[in-house]
Amino acid sequence: MKAGGQRLSGIAFLSCALALAGCAATQVAVVAQGVASKARQTALPELTREDLEAIRTVTIQYYEARKPEYWEGFVTELRRGGIFLKQEHPDVGPAIGLWKCEMMDGELALVRRQPPPKVNFFGVLLARQDGRWTAVKDFVGEELYKQD
């Protein structure tokens, strides 16, 4: 196992889960349903306030049109969330309230994560098409982090 927030999966997860059962200080990662949450290797694009407002709008429209489970709560959070630019809030942004922009498998995603140790996450993959932001698909998953 590696130190820090490294993630483990598959056989490594099963082996570690059996070896660590009962050790509350150490946890491992598993990703369920939807998009795999790989290490964020691609740099985030530089997002402006206008980008984040457009991302907010298309994400709300996406959830209102498709109505996935718990969509009303997602929309409420997004409507109320403040805009946090990376330049102004480097430890937080770019984000919309509790929803953070991240790279997942080389694609921009707007992600809502719950606090550790069990991290449920959900969100939408985003794309810029013809100069406009669009929400491509939604996802949901779960991760557990190894803690030192």
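The values are calculated or read from the model by the stated rules, or taken from the named source; none is laboratory data. None of these values were measured; they are calculated from a predicted model. Positions of Cβ are generated from backbone atoms using ideal geometry, with glycine treated the same way; all protein chains shown enter the neighbour counts.
The rows are residues; the columns are (1) surrounded by 19 or more Cβ atoms within 10 Å (Cβ to Cβ); (2) more than 21 Å from Leu85 (Cβ to Cβ).
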residue: Gly97; (1), (2): no, no
residue: Gly106; (1), (2): no, yes
residue: Leu110; (1), (2): yes, no
residue: Pro116; (1), (2): no, yes
residue: Val119; (1), (2): no, yes
residue: Val124; (1), (2): yes, no
residue: Asp130; (1), (2): no, yes
residue: Asp138; (1), (2): yes, yes
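Any residue in the stretch 15-33 that is touching a helix residue (DSSP H, G or I) at 6+ places or on another chain (Cβ under 6 Å) and at pLDDT 75 or above? Working first, answer last.
Kept after step one, since they are touching a helix residue (DSSP H, G or I) at 6+ places or on another chain (Cβ under 6 Å), are these residues of the stretch 15-33: 26, 28, 30.
Pick out the ones that are also at pLDDT 75 or above and you get none.
Among the residues of the stretch 15-33, not one is touching a helix residue (DSSP H, G or I) at 6+ places or on another chain (Cβ under 6 Å) and at pLDDT 75 or above, which makes the answer no.
On the basis of being free of Cβ contacts under 8 Å to residues at least 60 places away in the same chain, in contact with a helix residue (DSSP H, G or I) (Cβ under 6 Å, 6 or more places away or on another chain) and small (Gly, Ala, Ser), does Gly93 make the cut?
On the way: free of Cβ contacts under 8 Å to residues at least 60 places away in the same chain: yes; in contact with a helix residue (DSSP H, G or I) (Cβ under 6 Å, 6 or more places away or on another chain): no; small (Gly, Ala, Ser): yes.
No, not satisfied.
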Q. Just one of the numbered conditions (1) closer than 14 Å to Asp51 by Cβ; (2) surrounded by fewer than 12 Cβ atoms within 10 Å (Cβ to Cβ) is not true of Gly93; which one?
A. (2)
